[in-house]
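Working notes, structure below.
The values are calculated or read from the model by the stated rules, or taken from the named source; none is laboratory data. From a predicted model like this one, the values you see are computed outputs, not experimental measurements. Positions of Cβ are generated from backbone atoms using ideal geometry, with glycine treated the same way; all protein chains shown enter the neighbour counts.
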Amino acid sequence: MSAEIISGTAIAKEIREELKYRVLEMRSDGAVPGLATVLVGANPASQLYVGMKNKAAKEIGIHSRQIDLPQDVPEEELLGIVEGLNADPEIHGILVQLPLPDHIDEDRVLLAIDPAKDVDGFHPRNVGALSIGRRDVMTPCTPTGVIEMLMRTGNAPRGKHAVIVGRSNIVGKPMAALLLRKGEDGDATVSIAHSRTPDMGAITRQADILIVAVGIAGLVTADMVKPGAVVIDVGINRVDAPDTERGYRVVGDVDFEGVKEVASAITPVPGGVGPMTIALLLKNTVDSAGRLAPDRNRGAM
Ligand code: GUN
């Protein structure tokens, strides 16, 4: 039997609708949530992502400001801009799009962002707070979006064996920390497999929930999935497709056609985790605005 297809597009729309009402309420109290995105250079994928983030923010009434900097911007200048945004009362969320050019120390930039405005959840203080299970913390958008998808489709992780493929700071590691938190949306038994795991299939076949975030098209095939597992594909890969107008197709890390015949539920690419990342960025921004102007935080989720 073919798996249920989990539509991130539909769930993200639901979340954006919920946020739109919260923003309306905040605006009627004279508070406008503000998001600043900083893009260094002209990486086409980063340009596309940052453009989508700003557009989505504007659509729900968030004030959004995009700062475009040249590829060769000095590190000190970028740090100065971040400092300015930290002090700006109109801005409640700061996102510096990664990756940054090689001459810039990424860790130094992330450390410069005020943790209270760190809507990516990448500041070491927020990373640390998440790793000790705190809930009053901004958490990274993509893995938090995965948790929302699981919860909103009746696939709560509590008591399940969740296997994550990938150990990145943006997805794999925070995904594990979220799944380990106490509560219905956590309480999972967590394993992490990665590029140095010798027999990947032996690990992935144990998963009740399999989350794949490595950036290798079609890495996970049907024989690596336990029948009835829930499969979440975080990968976004371009593969050549000469028969199409664009010359390429976007696919995930999971062989969708094969795995959907084994899994009980699966996310597509595109239209799966991608839209959730943006929805959670908006939620982090609205939450942050609520915290930074607490008397105006009516209707918080
Ligand atoms: N680059 C790829 N994903 C992300 C993300 O979630 N946030 C930022 N800032 N950069 C990214």
Self-check item: Hey, Val286 among the β-branched types (Val, Ile, Thr), at pLDDT 95 or above, away from the ligand (no atom under 16 Å from the Cβ) and within 24 Å of the chain's Cα centre (by Cα) or not
Solution: yes
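Conditions tested, residue by residue: (1) away from the ligand (no atom under 15 Å from the Cβ); (2) on the phi > 0 side of the Ramachandran plot; (3) surrounded by 22 or more Cβ atoms within 10 Å (Cβ to Cβ).
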position	(1), (2), (3)
Thr244	yes, no, no
Lys260	yes, no, no
Thr267	yes, no, yes
Met276	no, no, yes
Quiz prompt | Residues of region 118-160 satisfying the condition of being charged (D, E, K, R) and in contact with a helix residue (DSSP H, G or I) (Cβ under 6 Å, 6 or more places away or on another chain) | solution = Asp118, Arg125, Arg152
Practice problem: Considering each of Gly34, Gly61 in turn, give the residue that is closer than 28 Å to Arg152 by Cβ, more than 16 Å from the ligand (Cβ to nearest atom) and more than 20 Å from the chain's Cα centre (by Cα). | Solution: Gly61
Quiz item: In region 79-122, how many are over 18 Å from Thr285 (Cα atoms), without any contact (Cβ under 8 Å) to a residue 60 or more places away in the chain and within 13 Å of the ligand (Cβ to nearest atom)?
Solution: 3
Practice problem: Consider only pairs whose beta carbons are under 7 Å apart and that are at least six residues apart or on different chains; among these, list those whose first residue lies in region 176-189 and is surrounded by fewer than 18 Cβ atoms within 10 Å (Cβ to Cβ) and whose second residue is charged (D, E, K, R). | Solution: Glu184/Arg158; Asp187/Arg158
Self-check item: Filter result for Lys58 (farther than 15 Å from Pro99 by Cα and surrounded by fewer than 13 Cβ atoms within 10 Å (Cβ to Cβ))
Solution: yes
Quiz item: Any idea how many residues of region 196-219 are out of contact with any strand residue (DSSP E or B) (no Cβ under 7 Å at 6 or more places or on another chain) and either modelled with pLDDT under 95 or among the charged types (D, E, K, R) (or both)?
Solution: 3
Quiz prompt | Any pair with Cβ under 7 angstrom, 6 or more apart, that starts in region 135-162 at a residue that is within 16 Å of the ligand (Cβ to nearest atom) and ends at one that is among the aromatic types (Phe, Trp, Tyr) | solution = Pro140/Phe122
Quiz item: Residues in region 125-134 that are away from the ligand (no atom under 15 Å from the Cβ) and either assigned to a loop (DSSP other than H, G, I, E, B) or not polar (S, T, N, Q) (or both): how many?
Solution: 6
